[in-house]
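The structure appears right after this line, and notes come after that.
The values are calculated or read from the model by the stated rules, or taken from the named source; none is laboratory data. Not measured: the values here are computed from a predicted model. Ideal geometry is used to build each Cβ from the backbone, glycine not excepted, and the neighbour counts take in all protein chains shown. These accessible areas exclude ligands, DNA and RNA; they are computed on the full protein's heavy atoms, side chains included. Shrake-Rupley method; radii C 1.70, N 1.55, O 1.52, S 1.80 Å.
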Amino acid sequence: METRHWPLYGLRITTPRLELRLPDVGLLDELAAVAADGIHDPSWTPFSFPWTDVGSAERGRGVFQHVLRTIGEWRPEKWALSLAVSSEGKVVGRQDLTATDFAVTRETDSGSWLGMAHQGLGIGTEMRAAVLHLAFEGLGARCATSGAMTDNPRSLGVSRKLGYRPDGLMVHSVRGQARTVQRLRLDRAGWEAHRTVPVEVHGLEPCLALFGVGR
């Protein structure tokens, strides 16, 4: 899907197994269905905000509304690119890339989730590698940040494989309990040293102004 006024719909990131793109309404409905089916054991949450503590239908609607909100609230000074991740033509999860004052800081942050049926297959690493390529190679980022609960070894393992280094701790209140988050940071040299996934970015040029990047 391409539009004159919102060229981000024409942006695609591809890896050997995956395609990441901003979902149109049909693809967004598929993404919402993946969330509705479940993304983690309900007895535990890997997220700082317990957005999954609702029923299936409400969870799906929440994802649908959230992605539309990121488009409506987008500004070059503060943006959140929320991409649907597809494998073999099937939506499997979501990968976000966010930034505030990127033109000044050249720093991005990321977050993601996968449907439970698609976890443990290396997809999380591959889709993070995809948006890191967009950030560093496509947008000229100087560093990328992320974070994960200290009791979330899978997410921490993804960051470790891609070269992130510990960057301090934060404590969040989740479900009325203190949870510790490991902050993580990746600089350009670390990204270059840990690149193992071939990534291609298509349709970026018309989008650069929306990211606050001039060419």
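For the reader, a short list of remarks on this structure follows.
- Per residue, the stretch 13-102 exposes 46 Å² of accessible surface when a 1.4 Å probe is rolled over the protein heavy atoms with every protein chain present.
- For semi-axes √(5λ) of the Cα gyration tensor in Å, calculated from these coordinates, the label among (1) 29, 17, 17; (2) 27, 24, 16; (3) 24, 22, 17: (3)
- Taking every C-alpha pair closer than 8 Å and separated by at least 6 residues, the mean separation divided by the residue count of the chain gives a relative contact order of 24 percent.
- Quotient of Cα Rg and 2.2 N^0.38 Å for the stretch 62-102, N being how many residues it contains: 1.29
- For the stretch 143-215, the relative contact order is 32 percent, taking Cα pairs closer than 8 Å that sit 6 or more residues apart in sequence and dividing their mean separation by the residue count.
- Protection proxy ranking of 30-38, 163-171, 79-87 - average other beta-carbon atoms within 10 Å, highest first: 79-87, 30-38, 163-171
- Measuring nothing but protein heavy atoms, the accessible surface of the chain at 1.4 Å probe radius is 52 percent carbon and sulfur.
- Distance from the stretch 94-123 to the stretch 180-200 (C-alpha centre basis), Å: 12 Å
- Placing pseudo-labels 7 Å out from each Cα toward the beta carbon at Asp37 and Gln65 gives an inter-label distance of 2.4 nm.
- Taking the stretch 99-173 and dividing mean pair separation by its residue count, relative contact order in percent (alpha carbons under 8 Å, at least six apart): 32 percent
- Size of the stretch 1-122: Rg and Dmax of its alpha carbons, in Å, are 14.6, 45.
- In sequence order, the stretch 67-81 has phi-based couplings of 5, 4, 5, 4, 6, x, 9, 5, 9, x, 7, 7, 9, 9, 8 Hz under the Karplus curve 6.51 cos²θ - 1.76 cosθ + 1.60, θ = phi - 60°, and Gly or Pro positions carry x.
- Estimated [θ] at 222 nm from DSSP helical runs (n ≥ 4, -39500 (n - 2.57)) normalised by residues in the chain, nearest 500: -8000 deg cm²/dmol
- Prolate/oblate/rounded call for the stretch 90-174, Cα gyration tensor, a/c under 1.5 rounded: oblate
- Springs between Cα atoms under 10 Å define the GNM used for the chain, and in it the highest mean-square fluctuation of Gly89, Gly190, Gly60 occurs at Gly89.
- Protection proxy ranking of 172-184, 105-117, 135-147 - average other beta-carbon atoms within 10 Å, highest first: 135-147, 105-117, 172-184
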